[in-house]
Structures are given as structure tokens and as C-alpha cells.
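J.: The structure's right below; bear with me while I get my questions together.
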Amino acid sequence: MRLLCEALPAHFEVDMDFNGFGVDTAHCTRLLKELEQFPQVVMFESPIPHNDVAGYKYLRQHTHVPLSMHTPASYTATLSSDTPIELAIREEMVDGFVLCGGATRIQREAHVCQVHNRSFFLQIVGTKIAATFALQLGAVLENARWPSVNCHQLFERDCVKTALPVSNGLCAIPEGPGLGIELDEAAIEKFRVKPKPKPFPSPDQLLAIRWPGGTTTFYNHAAQYWADWLGSKLPFFPRGVHLEHIPNDGSKAWRELLERVQKGAVHSSEPPF
């Protein structure tokens, strides 16, 4: 984070999304206190699991950086999974929320946020079509004060011809019919695929977590180390830890290691890669 903030302009802001990996207040409080010293850090998203009501209240009292969390998949959520938005507001767990889903759900939760003066992100991830949908929603939902998370910028080529230029953190609403955008029919046809399940284990993917002590833990896909992390099988954010993708070099050793990690984590004090 220090190196990142040194390279960023002073006006640039960073949202730290932990996906609940802060585990609990015993571990997370120290980490948040260290990160809040960087002026570019303006948000801690889901620092601990959402069902930890007391934990969120404690963290909110011990950091000056705003806290946010995703709303549950439905209003029937229980404390064994996620915390309902009404309970999160009543218990003052967070400063705002991340809203996902379709138009009906987002509008319903946005109205709850408006009544209680809570800001929120719009997280509608996909192509520029999804980004434009989020743009239209954000234009009419008064408490959509935080950024819109769409991820269409990650595509090398999008399926929309219409540009969506961003200036000073804002984007003009397209004025054409419907969403206001023109589709790139050639791109849609070129990249058309049949729906298929996400491949787990992922073919030809080898990931390495490099620990500062010189050891390495290998995985085949992110869901594996997510499960190990939440299952308390990995150290808690030691300084210097980082993740690498190990490309296929065509060797027998690479292929044998891939076959091993497809069954579970492989820990090595002298990694072959």
C-alpha cells in the first residue's frame, strides 16, 4: 500500500475490499489502523464477515475510515449468513452499502438507504451494457454517492460502440433510445459462446502465494485459498506476502504440480517454480 500510494496522485482515492478476510476484530483492528494512515484510503469494504454485528460496531468506533458492506441476497437473510440491511442500519454497523442485483432490488434497497441517509455503491459487473444500466440507475437514485463498480474497463474489446467518457469522476448519461448506447454487433458475434459452468478446477492455472519467510503455497484457483483462509489454515496478512501466476512452461514438473494442486493446496519450503 505504501508503494501504491507513493505512485498515486494526491486526489486519487482507494477503496479496500477485504471480502470478509479480516476474519475478526482481534486481527482486523490492527490492520485497519495501519491502512488508515494513508490519505488515499477512503473506504474499508466488508472488512470482516457480515454476520459479526458486534465486530462491525467495534471497528466503526476504532477507525475514522468509513465502513461499507454488501446487502444480503434477500430480505430473508439471517445472522448465520448475511445481516439484513435494516439490522445493519439499526445497529449502526456501517456507514453505507454496496447494492447489487436487478432494478427492483436495487431501487428497493436504495429507498431504504435514502430514508436513513446512507450512501451506497452500485456494483453491477459486466460489459459496458451493465455499466450503462448502472449509470442510468445512479442518475436517479439520490444516495448513489459512492463509485459505480462495473469492471467493463477490464475487457480488451467491448460490445458497445458508444463511448462513456469519465470526467472529474462523473459520466454524462447517453441520450439515445433505451439505454442510449449502440451495440457493436461484430464484437458480439465474434465473442459469442455457449453458456458453460465455471471450470473448477481451472485448467492450466497455477497460483503461488509467496510468504515472506521464503515458503510458497500453491493453488489451482482462488476458491481454494479463500476456503483455506476462512478456515484459518493460512497466516494473517504477514508483511511481504504476495500472489503470483505461474505460467505453463511446458515442463513435466509444472504439469505434475498442477495435478497435485487440483486436489488441494501444496505447501513447499523449496518451490520448484
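J.: Filter the range 238-262 down to residues that are farther than 11 Å from F218 by Cα and either within 28 Å of the chain's Cα centre (by Cα) or β-branched (V, I, T) (or both) and give me whichever is surrounded by the fewest Cβ atoms within 10 Å (Cβ to Cβ).
T.: R239
J.: Is the range 224-235 home to any residue that is farther than 19 Å from F21 by Cα and surrounded by fewer than 17 Cβ atoms within 10 Å (Cβ to Cβ)?
T.: No, the range 224-235 has no match at all.
J.: Anything in the range 107-147 that is crowded, with 18+ Cβ neighbours inside 10 Å and among the polar types (S, T, N, Q)? List them, or say none.
T.: Listed by number, the residues that qualify are Q123, T127, T132, N143.
J.: In contact with a Ser or Thr (Cβ under 6 Å, 6 or more places away or on another chain) and among the hydrophobic types (A, V, I, L, M, F, W, C): which single residue out of A223, A227, A253, A208 fits that description? Break it down stepwise before answering.
T.: Details: A223 fails: in contact with a Ser or Thr (Cβ under 6 Å, 6 or more places away or on another chain); A227 fails: in contact with a Ser or Thr (Cβ under 6 Å, 6 or more places away or on another chain); A253 fails: in contact with a Ser or Thr (Cβ under 6 Å, 6 or more places away or on another chain).
Only one candidate qualifies: A208.
J.: In this structure, is F218 within 30 Å of L31 (Cβ to Cβ), modelled with pLDDT under 90 and touching a helix residue (DSSP H, G or I) at 6+ places or on another chain (Cβ under 7 Å)?
T.: no
J.: Could you grab me the full set of residues in the range 22-39 that are surrounded by fewer than 16 Cβ atoms within 10 Å (Cβ to Cβ) and touching a His at 6+ places or on another chain (Cβ under 9 Å)?
T.: If the condition is that a residue be surrounded by fewer than 16 Cβ atoms within 10 Å (Cβ to Cβ) and touching a His at 6+ places or on another chain (Cβ under 9 Å), then K33 is the only one that fits.
J.: Just for the range 124-145: of the residues that are without any contact (Cβ under 8 Å) to a residue 40 or more places away in the chain and not in a loop (DSSP other than H, G, I, E, B), which one is farthest from V14 (Cα to Cα)?
T.: Taking the candidates together, the pick is V140.
The values are calculated or read from the model by the stated rules, or taken from the named source; none is laboratory data. Model, not experiment: these values are computed from the prediction. A quick note on method: Cβ atoms are made from the backbone with ideal geometry, for glycine too, and the neighbour counts reach across all protein chains shown.
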